[in-house]
Amino acid sequence: MEIQTTQSTEKIQAWLVSYLAELLEIEPSEIDVSAAFDRYGLDSSTGISMMADLEEWLGQEIEPTIMFDFNTIESLARNLSEVNGQVNQLEQTQGIEPENNKPNLSNESKNSDYIEVEL
């Protein structure tokens, strides 16, 4: 279980580094994962946009202001991977299918009065 969390943390961390490097137009190697986000000059609207993009990539809901509570890439990635692991474990325990594996119903199915089922 610990290995999965570490891999998830590393993947989230890599995503954040890549995102910031592209945003700031610098090399990923110039990003210090233990430095506070404000070191990179991120304002609140940029941070919230980054969290929205991260939320979409992760497929899990994230509080837009979480980066103010976990103000480094390292701490944010660790927290998100732990939370993600707890959610996945809870879903498995309760037999709930993960959100990103649920079928996406087409608009046709959502708007129809009935769904045709073949027997």
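The values are calculated or read from the model by the stated rules, or taken from the named source; none is laboratory data. Given the structure is predicted, the values throughout are model-derived calculations rather than measurements. Using ideal geometry, Cβ is built from the backbone for each residue, glycine included, and neighbour counts are taken over all protein chains shown.
Taken over segment 41-85, the criterion of being part of a loop (DSSP other than H, G, I, E, B) and closer than 17 Å to Val17 by Cβ is satisfied by Gly41, Leu42, Phe70, Asn71.
Looking across segment 1-22, the residues that are at pLDDT below 95 and surrounded by fewer than 14 Cβ atoms within 10 Å (Cβ to Cβ) come down to Met1, Glu2, Ile3, Gln4, Thr6, Gln7, Glu10.
The set of residues in segment 25-40 being of a type in the set (Ser, Thr, Tyr), surrounded by fewer than 16 Cβ atoms within 10 Å (Cβ to Cβ) and in a helix (DSSP H, G or I) consists of Ser29 alone.
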